[in-house]
Amino acid sequence: MPSLSPRVLAVIPPMTQLNTPYPSTAYLTGFLRSRGVPAVQEDLALALVLRLLSPEGMRALLAHAERVPERRRSLTLQVFLSEAPRYQATIGRVIAFLQGRDPTLAHRINTRGYLPEGPRFDSLDGYLHEDADPLAWAFGALGLQDRARHLATLYLNDLADVLREAVDPRFEFVRYAESIATSQASFDPLADALGAPPNLIDQTLAELTQAALARHQPDLVLLSVPFPGSVYAALRIGQTIKALRPETRVALGGGFVNTELRELSDPRVFDFVDFVTLDAGERPLLALIEHVAGARPAEQLVRCFVREGQGDAARVRLHSHTEPDVPFEQVGTPTWDGLPLHDYLSLLDMLNPMNRLWSDGRWNKLTVAHGCYWKKCSFCDVSLDYISRYETATATVLADRIEAIVKETGQTGFHFVDEAAPPKVLRALAQELIDRQLGISWWGNVRFEKSFTPELCQLLAESGCIAISGGLEVASDRLLQRMKKGVSVDQVARVTHAFSEAGILVHAYLMYGFPTQTVQDTVDALEYVRQLFEEGCIQSGFFHRFACTVHSPVGQDPDAYGVRLLPLPPGGFARNDVGFIDPTGVDHDQLGKALKKAIYNFMHGVGLDADVRSWFDIRVPKPTVSRHRIGKALSEKG
């Protein structure tokens with residue numbers, strides 16, 4: 001690095017998550033500092049929500065809500081307007097409670113007379129349980145804090161609904177304007193939105209951006225965009241930087257860019273940013289920093305899009321100077337220095353003990369290995385760097401990073417955010433954690449493969465593992481083979497049961513709508529899932545609709561999977577999801593509603609003895625699976 005390295009500011013744009021920082025800036029800041037680069041970070045997603053959900057924010061929101069014509073006011077907006085003084089009086093205290101600063105407020109919240117209650121509270125009446133008080137059933141007499149956090153979360157969800165109705169219909173707490181970025185071939189929808197007059201949320205974000213620029217005086221701002229729901233806000237931030245501090249260079253990167261913008265050709269994107277980098281950020285950033293410092297020509301940038309020329313002559317060019325990526329063992333330790341760790345909000349959306357981990361509590365996020373050691377699944381982006389380049393670090397290096405993070409943050413909860421943590425590495429790490437007596441709690445994502453024996457599951461539990469998530473996808477041996485998943489339903493049952501027997505909660509990622517999946521396949525899969533819950537193998541799950549991407553084996557060889565791809569629309573922006581025609585002609589959207597309803601109830605212990613056909617609104621065939629198939633598999637040796 002040059003002796004006078006540019007000052008770098010890494011930014012988390014709205015929206016990602018509210019309970020813990022999204023880890024990308026922590027990784028990049030830690031890495032850059034290890035290379036002598038003066039780097040700092042800001043979470044503008046959290047800052048935006050805290051500004052909107054404040055007494056000052058409530059006053060501004062009330063002014064906007066009052067402008068909505070009476071004939072267009074929903075029940076949510078009517079409740080907010082009638083209860084505005086109570087929202088004004090309670091919002092600051094509720095935020096402090098969710099930050100863990102005022103735990104005794106739980107007693108007031110639980111009276112059900114302290115918080116104004118909008119339509120979101122109606123969900124409390126939807127729990128199918130004989131107990132007259134659903135919260136008493138869910139949390140019991142001792143669940144004081146959890147009960148209050150759930151009520152406070154419903155209160156915030158009501159306010160999010162008000163923001164959508166009175167300010168911006170695209171707003172959500174975990175995504176913002178997602179639909180105008182997701183697989184949009186054309187940049188037009190984003191360009192139109194960014195060219196529109198700024199609303200209250202845009203203005204607030206601009207003020208926060210201006211304050212961050214004044215604090216840090218950066219030469220280079222990194223906008224890390226993991227999801228489509230953070231693209232619009234990232235470009236709004238870039239827009240503000242260009243207006244207030246045009247000499248500051250802006251780079252865009254992250255998961256969304258890596259999957260969706262690999263063929264970027266629309267020059268208008270560069271009205272908001274100067275550079276767009278692909279894949280693992282370390283090597284491209286080192287090259288980019290040298291370039292900003294004047295020590296490297298543009299032609300030697302690494303995996304970096306730039307705009308060349310002006311006006312009608314403007315073109316996008318990808319500089320692909322070849323340099324080796326920084327090995328995973330040398331990327332350094334993430335740092336959360338500069339992020340307000342005590343300001344994050346522990347929300348409780350769902351009453352399920354496993355599902356809550358995604359929104360409740362502040363977790364130090366860490367990667368055990370780069371990429372995926374399996375990299376064969378036909379629905380996955382196996383051709384891209386974040387999957388295909390598999391690298392590990394030793395247990396000693398990983399434990400050293402864990403110790404350093406605990407020392408810095410004072411918090412011992414870890415979420416390992418791998419695509420699929422390798423069992424061999426987890427075994428070595430678990431033993432290292434036990435030998436060092438680190439006493440952490442951790443959870444992460446794995447493949448439900450036979451390497452996870454009861455003995456290994458017990459070792460992981462002793463090292464601090466509290467929960468595991470993994471992909472069962474479609475619970476059908478035929479489709480699992482077609483997916484090249486490398487597991488069977490019986491094997492998944494035995495592995496998940498081993499985790500559960502070790503006291504580790506298990507979440508299953510489930511899929512529907514995979515090519516050639518029939519109605520019978522779907523009904524049978526739901527029966528398998530019912531039995532997995534019934535036998536205590538899994539405690540949580542989520543069904544998502546299969547999406548074909550251009551980077552997956554299905555997208556690259558559709559004939560092999562019996563489908564025909566639809567032509568991609570023209571445009572120079574995002575290119576990832578691709579439509580396809582499945583000859584089965586099944587209405588997967590209609591089936592999906594039943595699947596999601598069923599699993600929601602399964603997670604709350606409801607309907608486990610019912611015929612799975614009862615969840616469907618249409619006539620479906622009887623399951624071909626024996627009602628005791630999973631129990632039988634558990635009684636047999638794998």
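The strands (runs of 3 or more DSSP E) falling completely within segment 299-411 include none with 2 or more residues that are among the small types (Gly, Ala, Ser).
Per the listing Gln99, Gln78, the residue uniquely over 30 Å from Ile289 (Cα atoms), open to solvent by 10 Å² or more (accessible area, probe 1.4 Å) and touching a residue at least 24 places away in the same chain (Cβ under 8 Å) is Gln99. If you filter segment 567-605 down to residues that are among the charged types (D, E, K, R) and farther than 19 Å from Asp524 by Cα, you find that the one that is least open to solvent (accessible area, probe 1.4 Å) is Asp582. Would you confirm, using the coordinates I've provided, whether Ala152 is open to solvent by less than 50 Å² (accessible area, probe 1.4 Å), in contact with a Leu (Cβ under 7 Å, 6 or more places away or on another chain) and closer than 20 Å to Asp360 by Cα? When the stated conditions are applied, Ala152 passes them.
Considering the conditions (1) at pLDDT below 95; (2) surrounded by 17 or more Cβ atoms within 10 Å (Cβ to Cβ), Ser3 is excluded by exactly one of them, (2). For Ser179, the conditions (1) modelled with pLDDT under 95; (2) outside any helix (DSSP H, G or I); (3) not charged (D, E, K, R) are fulfilled apart from (2). Summed over segment 286-339, the residues that are in contact with a Leu (Cβ under 9 Å, 6 or more places away or on another chain) and hydrophobic (A, V, I, L, M, F, W, C) give a count of 15.
Only one residue in Thr277, Thr248, Thr240 is more than 24 Å from Gln203 (Cβ to Cβ) and in contact (Cβ under 8 Å) with a residue 12 or more places away in the chain, so which one is that? It would help to see each step written out before you state the result.
Details: Thr248 fails: more than 24 Å from Gln203 (Cβ to Cβ); Thr240 fails: more than 24 Å from Gln203 (Cβ to Cβ).
Going through Thr277, Thr248, Thr240 in turn, the sole match is Thr277.
Considering every residue within segment 397-418, establish whether at least one is touching a His at 6+ places or on another chain (Cβ under 9 Å) and either closer than 30 Å to Pro515 by Cβ or touching a residue at least 24 places away in the same chain (Cβ under 8 Å) (or both). Yes: segment 397-418 contains one or more residues that are touching a His at 6+ places or on another chain (Cβ under 9 Å) and either closer than 30 Å to Pro515 by Cβ or touching a residue at least 24 places away in the same chain (Cβ under 8 Å) (or both).
The residues listed here are Phe275, Phe305; of these, the one that is more than 12 Å from Leu220 (Cβ to Cβ) and crowded, with 19+ Cβ neighbours inside 10 Å is Phe305. Within this structure, Leu9 passes the test of being at pLDDT 95 or above, outside any loop (DSSP other than H, G, I, E, B) and open to solvent by less than 30 Å² (accessible area, probe 1.4 Å). Within segment 203-243, restricting attention to residues that are within 13 Å of Pro14 (Cβ to Cβ) and assigned to a strand (DSSP E or B), the residue that is farthest from the chain's Cα centre (by Cα) is Leu223.
When the residues of segment 355-380 are filtered to those that are under 23 Å from Gly281 (Cα atoms) and of a type in the set (D, E, K, R), the one that is surrounded by the fewest Cβ atoms within 10 Å (Cβ to Cβ) is Lys375. For segment 185-202, a tally of residues being in contact with a Leu (Cβ under 7 Å, 6 or more places away or on another chain) and not in a helix (DSSP H, G or I) returns 1. Among residues of segment 242-268 being of a type in the set (A, V, I, L, M, F, W, C) and surrounded by fewer than 23 Cβ atoms within 10 Å (Cβ to Cβ), the one that is nearest to Tyr386 (Cα to Cα) is Phe256.
The residue of segment 189-204 that is nearest to Arg575 (Cα to Cα), among those that are open to solvent by 50 Å² or more (accessible area, probe 1.4 Å) and out of contact with any Lys or Arg (no Cβ under 9 Å at 6 or more places or on another chain), is Asp192.
Yes/no per residue for (1) under 24 Å from the mean Cα position of the chain (by Cα); (2) farther than 28 Å from Arg494 by Cβ:
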position	(1), (2)
Pro570	no, yes
Arg575	yes, yes
Val578	yes, yes
Asp582	no, yes
Gly585	no, yes
Tyr600	yes, no
Gly607	no, no
Ile618	no, yes
His628	no, no
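Put simply, of Gln590, Gln556 the only residue that is under 24 Å from Gly255 (Cα atoms) and either touching a His at 6+ places or on another chain (Cβ under 9 Å) or among the polar types (S, T, N, Q) (or both) is Gln556. The helices (runs of 4 or more DSSP H) located wholly in segment 25-114 that include 1 or more residues which are farther than 15 Å from Leu159 by Cβ and out of contact with any Gly (no Cβ under 6 Å at 6 or more places or on another chain) occupy 44-52, 55-66, 84-98, 105-109.
The values are calculated or read from the model by the stated rules, or taken from the named source; none is laboratory data. Every value quoted in this text rests on a predicted model; they were computed, and no experiment measured them. Please note: Cβ atoms are built from the backbone with ideal geometry, for glycine as well, and neighbour counts cover all protein chains shown. Surface areas here come from the heavy atoms of the whole protein model, side chains and all, with no ligands, DNA or RNA. Shrake-Rupley method; radii C 1.70, N 1.55, O 1.52, S 1.80 Å.
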